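Worksheet for the structure shown next.
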Amino acid sequence: MRDRRLHLHLATWLGQWPAGPGLHVVGSHRRARPAWDGRLRPAIAVAAGTSTLLSVPPDRVEAVRELARRQPGRLLPALPAAVGQPGWVVHDDVFRWSLAPAPLPEVGEWVSPRTRGLPSWLRLFDRPVLVARDERGRYLSGVGIKRHDAYGHELAVGTTPAARGRGLARRLVAQAARRVLDEGAVPTYLHGHANLASARVAEAAGFPDRGWRSFGVYPP
């Protein structure tokens, strides 16, 4: 851990950081409160090296610890039910962050998420989003910022088929990351392990893969 902002983000987001080797289940009232989009995230974990810290609502700590002790191989598929949301899904992602975004040229503009022509996922945000458009003003690619806390902001990026091959996503991610750093937070980036396109965007934007992982229970 080389950056105080990242340390404070993980401690705030999860309820504790760091932890020793092995799996540590901790309780946090944040898991029982709405997240950045107004929906719950009743389980969030970050794994770094041999240490994994899993954050759940305080009243679910003992049940999840028992599950992890008795059936460690069933932890992920059984986790939604263990935190009271049996119909929800588990995301298992690569966890990245950047202190030095790639010096790529800026390509997007910050606009209201209510701007006409934006995709529905960008409308989930309550602050300006970064978008790139074509010469006719049509949306091509965009980035929204999930402000988890004062110290860590996660970037979410999406593109259209018309944007492929233009290098827009990586430039938008680097541009948004610089804004997050200017705001005093550390930019993070999560993507599925099999999502090679997203991995390439992250690498090109200055978010190296340090072998960290994040998993959690999300709304369907």
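The values are calculated or read from the model by the stated rules, or taken from the named source; none is laboratory data. The structure displayed is predicted, hence computed values, not measured ones. For neighbour counting, all protein chains shown are included, and Cβ atoms are generated from backbone atoms with ideal geometry for every residue, glycine included. Calculation scope for accessible area: heavy atoms of the full protein, side chains included, ligands and nucleic acids excluded. Shrake-Rupley method; radii C 1.70, N 1.55, O 1.52, S 1.80 Å.
Brief remarks on what is shown
- Converting phi to 3J(HN,Hα) with the Karplus coefficients 6.51, -1.76 and 1.60 and the offset θ = phi - 60°, region 124-129 yields 6, 7, 10, 10, x, 10 Hz in sequence order, with x at every glycine or proline.
- Only helical runs count toward this figure. For the chain, summing -39,500 (n - 2.57) over DSSP H runs of n ≥ 4 and dividing by all residues gives -7500 deg cm²/dmol at 222 nm.
- Solvent exposure ordering (accessible area, 1.4 Å, most first) of Glu66, Glu135: Glu135, Glu66
- Exposed trypsin sites (Lys or Arg not before Pro) absent: longest stretch of the chain, with sites in DSSP loops and at most 15 other Cβ within 10 Å deemed exposed: 40-113
- When Leu99, Leu76, Leu118 are compared by accessible area of protein heavy atoms, the largest-first order is Leu99, Leu76, Leu118, using a 1.4 Å probe.
- Averaging the sequence gap over all C-alpha pairs within less than 8 Å and six or more residues apart, then dividing by the number of residues, gives region 33-157 a relative contact order of 15 percent.
- Considering only alpha-carbon pairs that sit under 8 angstrom and 6 or more positions apart, the relative contact order computed for the chain is 26 percent.
- Debye, to nearest 20: dipole size of region 92-153, +1 on Lys, Arg Cβ, -1 on Asp, Glu Cβ: 300
- Of Gly84, Gly144, Gly192, the one that fluctuates the most in a GNM where the chain has Cα springs shorter than 10 Å: Gly84
- Antiparallel %, DSSP beta bridges [both residues in region 1-85], to 5: 45
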